[in-house]
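Structure below; questions to follow.
The values are calculated or read from the model by the stated rules, or taken from the named source; none is laboratory data. Note that the structure is predicted; figures quoted are calculated from it, not measured. Quick reminder, even Gly has a Cβ in these numbers, built from the backbone with ideal geometry, and neighbours come from all protein chains shown. Ligands, DNA and RNA are excluded from the accessible area calculation, which covers all protein heavy atoms including side chains. Shrake-Rupley method; radii C 1.70, N 1.55, O 1.52, S 1.80 Å.
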Amino acid sequence: MTGQFVIEPQFDFASSFCDGIAKVKKEGKWGYINKLGAFVISPEFDNCGDFNNGLASAKRDSLFGFIDKEGNFSIEPKFHCTGNFCDSLASVLIDGKYGFIDTWGDIIIEPKYEEVGDFHDGRTMVRLGSNYGYIGKTGEVEIALQYSHVEPFSEGVARVVKEGKLEYID
């Protein structure tokens, strides 16, 4: 390591490398480069996410879909907002409500939530009204929506707030 540039400064934004590629923004559009700085997916998207499960969210003409590592849409742009794939599910916003799709684009958990997180260890946080709780990968409520604040599970526990008191749950 010499501290010398391996890719000359040329981007408006550049993320860290993951799986040998990094998302970059150049002249207002997003694409992906390899470690030599060559585009592997040309900068043609209005926004994009990181690759997970072989797919990354990409925005074109105000809607999000998911592209493969060649830059082709595997799931056509039809969502107003998306999350990254975690545990093989990604959140999507449809008609103002969040649900989850699988890597084929099929809806697995119907959109009905006002806020959702990413899946970790088979569950994610959800919000309806002012109440938070957790659901599993099939959409079943695993921990009742009874908290005013929740955080993702880490090492088998999550921080939650109920009636103004901070608690840890398993």
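Restricting attention to region 56-68, which residues are open to solvent by less than 30 Å² (accessible area, probe 1.4 Å) and either under 16 Å from S15 (Cβ atoms) or more than 15 Å from the chain's Cα centre (by Cα) (or both)?
The first filter runs over region 56-68 and keeps only residues open to solvent by less than 30 Å² (accessible area, probe 1.4 Å), leaving 56-58, 64-67.
If the condition is that a residue be open to solvent by less than 30 Å² (accessible area, probe 1.4 Å) and either under 16 Å from S15 (Cβ atoms) or more than 15 Å from the chain's Cα centre (by Cα) (or both), then A56, S57, A58, I67 are the ones that fit.
Further question on the same structure: What residue, of G83, G99, G49, G71, is in contact with a Pro (Cβ under 9 Å, 6 or more places away or on another chain) and surrounded by 15 or more Cβ atoms within 10 Å (Cβ to Cβ)? So that I can check it myself, show each step before the final result.
Details: G83 fails: in contact with a Pro (Cβ under 9 Å, 6 or more places away or on another chain); G49 fails: in contact with a Pro (Cβ under 9 Å, 6 or more places away or on another chain); G71 fails: in contact with a Pro (Cβ under 9 Å, 6 or more places away or on another chain).
Checking each option against the conditions leaves just G99.
Listed here are the residues, each with its yes/no results for (1) touching a strand residue (DSSP E or B) at 6+ places or on another chain (Cβ under 7 Å); (2) modelled with pLDDT of 95 or more; (3) at positive phi.
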| site | (1), (2), (3) |
| --- | --- |
| N72 | no, yes, no |
| N84 | yes, no, no |
| G96 | no, yes, yes |
| G105 | yes, yes, yes |
| I109 | yes, yes, no |
| Y113 | yes, yes, no |
| D118 | yes, no, no |
| M125 | yes, yes, no |
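Kindly provide the set of residues from region 27-45 that are open to solvent by less than 60 Å² (accessible area, probe 1.4 Å) and at positive phi, ordered by number.
G28, G37, listed by residue number.
Within region 14-24, is even one residue assigned to a strand (DSSP E or B), open to solvent by 40 Å² or more (accessible area, probe 1.4 Å) and closer than 30 Å to E140 by Cβ?
Checked region 14-24: no residue is assigned to a strand (DSSP E or B), open to solvent by 40 Å² or more (accessible area, probe 1.4 Å) and closer than 30 Å to E140 by Cβ.
May I ask you to verify whether Y98 is in contact with a His (Cβ under 7 Å, 6 or more places away or on another chain) and either in a strand (DSSP E or B) or closer than 23 Å to N53 by Cα (or both)? Write out each step before concluding.
Working: in contact with a His (Cβ under 7 Å, 6 or more places away or on another chain): no; either in a strand (DSSP E or B) or closer than 23 Å to N53 by Cα (or both): yes.
Answer is no for this residue.
Please specify each residue of region 124-148 satisfying the condition of being open to solvent by 60 Å² or more (accessible area, probe 1.4 Å) and charged (D, E, K, R).
K137, E140, E142
Being surrounded by 14 or more Cβ atoms within 10 Å (Cβ to Cβ) and not in a strand (DSSP E or B) is the filter; apply it to region 149-170 and report the residue that is modelled with the highest pLDDT.
Among residues in region 149-170 that are surrounded by 14 or more Cβ atoms within 10 Å (Cβ to Cβ) and not in a strand (DSSP E or B), the one modelled with the highest pLDDT is E151.
Same structure again: Would you call I7 open to solvent by less than 60 Å² (accessible area, probe 1.4 Å), modelled with pLDDT under 95 and farther than 26 Å from G122 by Cβ?
yes
Conditions tested, residue by residue: (1) farther than 19 Å from G133 by Cα; (2) touching a Phe, Trp or Tyr at 6+ places or on another chain (Cβ under 9 Å); (3) among the polar types (S, T, N, Q).
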residue	(1), (2), (3)
R60	yes, yes, no
F64	yes, yes, no
N84	yes, yes, yes
V92	no, yes, no
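Still on this structure: Within region 105-121, restricting attention to residues that are touching a residue at least 24 places away in the same chain (Cβ under 8 Å) and open to solvent by 70 Å² or more (accessible area, probe 1.4 Å), which residue is farthest from E76 (Cα to Cα)?
Looking at residues that are touching a residue at least 24 places away in the same chain (Cβ under 8 Å) and open to solvent by 70 Å² or more (accessible area, probe 1.4 Å), I get D121.
Next question, about the same structure. Take the residues in region 126-148 that are hydroxyl-bearing (S, T, Y) and part of a loop (DSSP other than H, G, I, E, B), then tell me which one is farthest from I107 (Cα to Cα).
Start the filter on region 126-148 by keeping residues that are hydroxyl-bearing (S, T, Y), which leaves 130, 132, 134, 138, 147-148.
The next check asks that each one be part of a loop (DSSP other than H, G, I, E, B); those that pass are 130, 138, 148.
Details: S130: 25, T138: 11, S148: 28 Å.
So, considering only residues that are hydroxyl-bearing (S, T, Y) and part of a loop (DSSP other than H, G, I, E, B), the one farthest from I107 (Cα to Cα) is S148.
Please tell me if G129 is within 24 Å of H80 (Cβ to Cβ) and among the small types (G, A, S). So that I can check it myself, show each step before the final result.
Numbers: within 24 Å of H80 (Cβ to Cβ): yes; among the small types (G, A, S): yes.
Considered against the rule, which asks whether it is within 24 Å of H80 (Cβ to Cβ) and among the small types (G, A, S), G129 comes out as yes.
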